[in-house]
Amino acid sequence: MTDTSEAFLRPPASLRSEVEVAETPPTVDLLYYPGQDYPGQPWSGWGDGLATRGKYYSSIGDHLTIGMKGDGSHGTGTARVFEYDPRAKRFRMLVDVARVFDLPEGHYTPGKIHSRLDLGRDGRLYFSTHRGSPRSAIDRYRYRGDWIIRCDPEGGRAEVVAHGPVPGHSIPCGVLDPARMIFYGGTAAGPDVDRQGIRFFAYDVARDRLLYAGPDGPSRAMIFAASTGRVYWVPNTDEGPLMRFDPESGGPPVEVGGRIGVRAATGETPGGRVYTASSGQGAADADLWSFDTETEATARIGTVAVGTQSYVASLDADPTGRYVYYIPGAHGGSERDGSPVVQFDVETGRKRVLAFLDPFYQERYGLRLKGSYGSALSADGERLYVTWNVSRGGRAWDSCALTVIHIPEAERRP
């Protein structure tokens, strides 16, 4: 479906008084992800997307898991990676992880991709897998840990890079250094493993070797500084003092100092900044932060909420570094504020909503957009891709859809 409407600019009653609304409505394309032809538990998108080479890459999963959900008729869990071509308005499935592993009956297979998708210098996509339920990641189901996978987006061939780089742990958090070909991960321990707690690891995907693994890792997101190759995170939580791992020096991570929240992070901007958001899950608001990749200074620059929702799981900076885009209400609830698409001006602190997508899609097509964990901005800053968890009538969501929001040129100027 492709729509543009003045209804996109109609604010809900929950909109905060200081928040601006755009003057020109965007054009929005909406498509369901293909292959959702059996019930998931539920179908969901949990990982961040990537816009590169004129395409959008994203992941969804059925959230099924052995011994817990489903009857086994569709396997014990699967997750998929898709390429979307905005010119053709067409999806192409690149990876079905259950087919990549082809494991015997009774073996654990993951129902989620929770990490980012990143493109390496070799032209291949890298990501990691995550369990659908901790009760499936146990010895009984021959659980050894989760996987790092790479895929050639041209030919669609996928292969395992590493299985269980941290034995007995899944990998909900991951980011790739595309120049040095190092995959950084934060883990979640399976119930049967002796070494519990969140682990941080660095894995050389070009030479197939573990560089480092240790305690106090990142729970859901990291800051990657492309200019230096350093990676940063808040240990075991989403807000606190920063840790740094430097691949040049190696060795254990060191504490940087300062305070910041890192539930979501942009890439590094041309001005050497990374913008992050604190976790707002269950909170009235959450902070937006700036991180200087040269000085390692942190600064709080504002908050994310435009209404009642403050949980943001994906942030995208525009090519100039002036604007950051996001959707509040990641884990359901975005519809309570009209499923707003927010543009934050990092120079002025101004928040402007480019579109309220609810209740427009509910009234016209019978669906509600209930939050997002994955988005990406095109290289020219014109198209914002958002992978949504969608409800077609139930209280929770049951399927996944993509919106492509064509941001009017007038709304991309200061």
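Considering only residues that are open to solvent by 10 Å² or more (accessible area, probe 1.4 Å) and either modelled with pLDDT of 95 or more or part of a strand (DSSP E or B) (or both), which ones fall in segment 394-410? Result: 397, 398, 406, 408, 409, 410. Taken over segment 273-324, the residue count meeting the criterion of being out of contact with any helix residue (DSSP H, G or I) (no Cβ under 9 Å at 6 or more places or on another chain), in a strand (DSSP E or B) and not charged (D, E, K, R) is 15. Could you please find all residues in segment 368-393 being of a type outside the set (Lys, Arg), modelled with pLDDT of 95 or more and farther than 21 Å from residue 324 by Cβ? Scanning segment 368-393 gives 389, 390, 391. Residues that are among the polar types (S, T, N, Q), touching a residue at least 12 places away in the same chain (Cβ under 8 Å) and assigned to a strand (DSSP E or B): does segment 132-140 have at least one? Within segment 132-140, none of the residues are among the polar types (S, T, N, Q), touching a residue at least 12 places away in the same chain (Cβ under 8 Å) and assigned to a strand (DSSP E or B). Of all the residues in segment 173-197, those that are free of Cβ contacts under 8 Å to residues at least 60 places away in the same chain, surrounded by fewer than 22 Cβ atoms within 10 Å (Cβ to Cβ) and either closer than 19 Å to residue 242 by Cα or under 18 Å from the mean Cα position of the chain (by Cα) (or both) number 1.
Taking segment 259-278 as the search range and keeping residues that are among the charged types (D, E, K, R) and at pLDDT 95 or above, which one is farthest from residue 228 (Cα to Cα)?
Start the filter on segment 259-278 by keeping residues that are among the charged types (D, E, K, R), which leaves 259, 263, 268, 273.
Filter again for at pLDDT 95 or above, leaving 263, 268, 273.
Details: 263: 21, 268: 10, 273: 12 Å.
That would be 263.
The numbered conditions (1) in a loop (DSSP other than H, G, I, E, B); (2) at pLDDT 95 or above; (3) in contact with a Cys (Cβ under 7 Å, 6 or more places away or on another chain) are all true for residue 219 except (2). From the residues in segment 315-352 that are open to solvent by 10 Å² or more (accessible area, probe 1.4 Å) and of a type in the set (Ser, Thr, Tyr), which one is nearest to residue 286 (Cα to Cα)? Across segment 315-352, the extreme among qualifying residues is 348.
A search for C-beta distances below 7 Å between a residue of segment 372-387 that is closer than 18 Å to residue 33 by Cα and any residue that is among the hydroxyl-bearing types (Ser, Thr, Tyr) and assigned to a loop (DSSP other than H, G, I, E, B), counting only pairs 6+ apart in sequence or on different chains, returns 372/314; 373/314; 374/314; 375/314. The residue that is least open to solvent (accessible area, probe 1.4 Å), counting only those in segment 209-252 that are farther than 23 Å from residue 290 by Cα and charged (D, E, K, R), is 209. One residue stands out in segment 4-59 among those that are in a strand (DSSP E or B), open to solvent by 40 Å² or more (accessible area, probe 1.4 Å) and not polar (S, T, N, Q): the one that is nearest to residue 131 (Cα to Cα), namely 32.
Checked across segment 326-340, the condition of being part of a strand (DSSP E or B), over 15 Å from residue 28 (Cα atoms) and in contact with a strand residue (DSSP E or B) (Cβ under 6 Å, 6 or more places away or on another chain) holds for at least one residue.
State whether the residues of segment 159-170 include one that is more than 23 Å from residue 236 (Cβ to Cβ) and touching a helix residue (DSSP H, G or I) at 6+ places or on another chain (Cβ under 8 Å). Within segment 159-170 (the criterion being more than 23 Å from residue 236 (Cβ to Cβ) and touching a helix residue (DSSP H, G or I) at 6+ places or on another chain (Cβ under 8 Å)), the answer is yes, since at least one residue qualifies.
The values are calculated or read from the model by the stated rules, or taken from the named source; none is laboratory data. For clarity, every value in this text was computed on a predicted model and none was experimentally measured. No Cβ is skipped: glycine too gets one built from the backbone with ideal geometry, and neighbour counts run over all protein chains shown. These area figures cover heavy atoms from the full protein model, side chains too; ligands, DNA and RNA do not enter into them. Shrake-Rupley method; radii C 1.70, N 1.55, O 1.52, S 1.80 Å.
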